[in-house]
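Below is one structure, written out as structure tokens; comments come after it.
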Amino acid sequence: MSKGSETQAEIIRAAREYVEANGAGDLTLRVLGEQLGMHHTAMYRHFKNKDELLAAVFLQLSGDLLTQNAGIKDPKKRLLALGLEMRKVQARYPELSASLATSSGGGEVGAALQQRILDCLRQMGVSEKNIAVRYQAIESFVNGASYYDFAGAPTHIETRRFRHRGVGDPALDSSTRTDADTERLTEEAFAWGLSALLEQTTL
């Protein structure tokens, strides 16, 4: 590993520890640089902004999923498990979700996650002509739905509940009587949506 790669890995490690202890709200490259004994301008040689660093942290947290799901033989089940586990990471670290939308890359871990999805799609028989569209549909659904669901944390469930109940439709009323009901509905809807999307990938 090169000196630059070692330094970048050290920055990501420190940022991950900071986020786990304090959340991402107050994290800045200046704060992290001071913690690491580096001038904050040196931090910009490795990450162009906070969002890029947070995306790298998110993808490192997600990187554990590569080994967790490696034993699942069926590629569709592997993709479903990967999507559900990535959602759990976003639920635990909602402040990191938004960083994915503005980051230009996720380093080796990000590339490995992308390649895992592409490999699963090929194993499912998706043609090379369609693979980019299917990949992006899955990426957009998992990351987009999770960001929408968790961006308003910690009051996102309560907000959704009031929004649903404000419609006055019996189907939504009966499914959102409590915050726990609303959270259950949200997770069930995500799992159903991802399963339905994966069922369509080879069409």
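Per-structure values
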{"quantity": "³J(HN,Hα) computed for each position of the stretch 143-154 - Karplus, 6.51 cos²θ - 1.76 cosθ + 1.60, integer Hz, glycine/proline x", "calculated": "6, x, 5, 5, 5, 4, 5, 10, 4, x, 4, x"}
{"quantity": "With Cα atoms, 0 to 90° folded angle of helix 50-68 axis to the chain main axis", "calculated": "70 degrees"}
{"quantity": "Low-density loop positions, trypsin sites (Lys or Arg not before Pro), the stretch 93-188 - DSSP coil, at most 12 other Cβ in 10 Å", "calculated": "ARG177"}
{"quantity": "Of the trypsin sites (Lys or Arg not before Pro) in the stretch 1-46, those whose Cβ has at most 15 other Cβ within 10 Å and which sit in DSSP loop", "calculated": "ARG45"}
{"quantity": "Contact order relative to length of the chain, as percent, for alpha carbon pairs under 8 angstrom and 6 or more apart", "calculated": "19 percent"}
{"quantity": "Cα→Cβ-extended label distance, 7 Å offset, between ALA151 and ALA196, nm", "calculated": "2.2 nm"}
{"quantity": "ALA21/GLU108 FRET efficiency (R0 30 Å; Cβ-Cβ; nearest 0.05)", "calculated": "0.75"}
{"quantity": "Structure-based [θ]222 nm, the chain - -39500 (n - 2.57) summed over DSSP H runs of at least 4, per residue, nearest 500", "calculated": "-25000 deg cm²/dmol"}
{"quantity": "Kirkwood Rh, Cα atoms: Rg over Rh of the stretch 57-192", "calculated": "1.02"}
{"quantity": "Accessible surface, the chain, averaged per residue in Å² (probe 1.4 Å)", "calculated": "55 Å²"}
{"quantity": "Whole-percent carbon and sulfur share, accessible surface of the chain, 1.4 Å", "calculated": "53 percent"}
{"quantity": "Whole-Hz couplings from phi, Karplus 6.51/-1.76/1.60, listed for the stretch 35-49; x for Gly and Pro", "calculated": "4, 8, x, 10, 5, 4, 5, 5, 5, 6, 6, 10, 9, 6, 6"}
{"quantity": "Segment ASN130-GLU10, length gained on full extension (0.36 nm per residue, minus Cα span)", "calculated": "39.4 nm"}
{"quantity": "Karplus-derived HN-Hα couplings along the stretch 165-170 (A = 6.51, B = -1.76, C = 1.60, θ = phi - 60°), whole Hz, x at Gly and Pro", "calculated": "5, x, 5, x, 7, x"}
{"quantity": "The stretch 145-185: radius of gyration over Cα atoms, expressed as a fraction of 2.2 N^0.38 Å", "calculated": "1.09"}
{"quantity": "FRET efficiency estimate (nearest 0.05) - Cβ-Cβ, SER174 to LEU203, R0 35 angstrom", "calculated": "0.60"}
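The values are calculated or read from the model by the stated rules, or taken from the named source; none is laboratory data. Everything numeric here is computed off the predicted structure, so don't read it as measured data. No Cβ is skipped: glycine too gets one built from the backbone with ideal geometry, and neighbour counts run over all protein chains shown. Heavy atoms of the whole protein, side chains included, go into the accessibility calculation; ligands, DNA and RNA do not. Shrake-Rupley method; radii C 1.70, N 1.55, O 1.52, S 1.80 Å.
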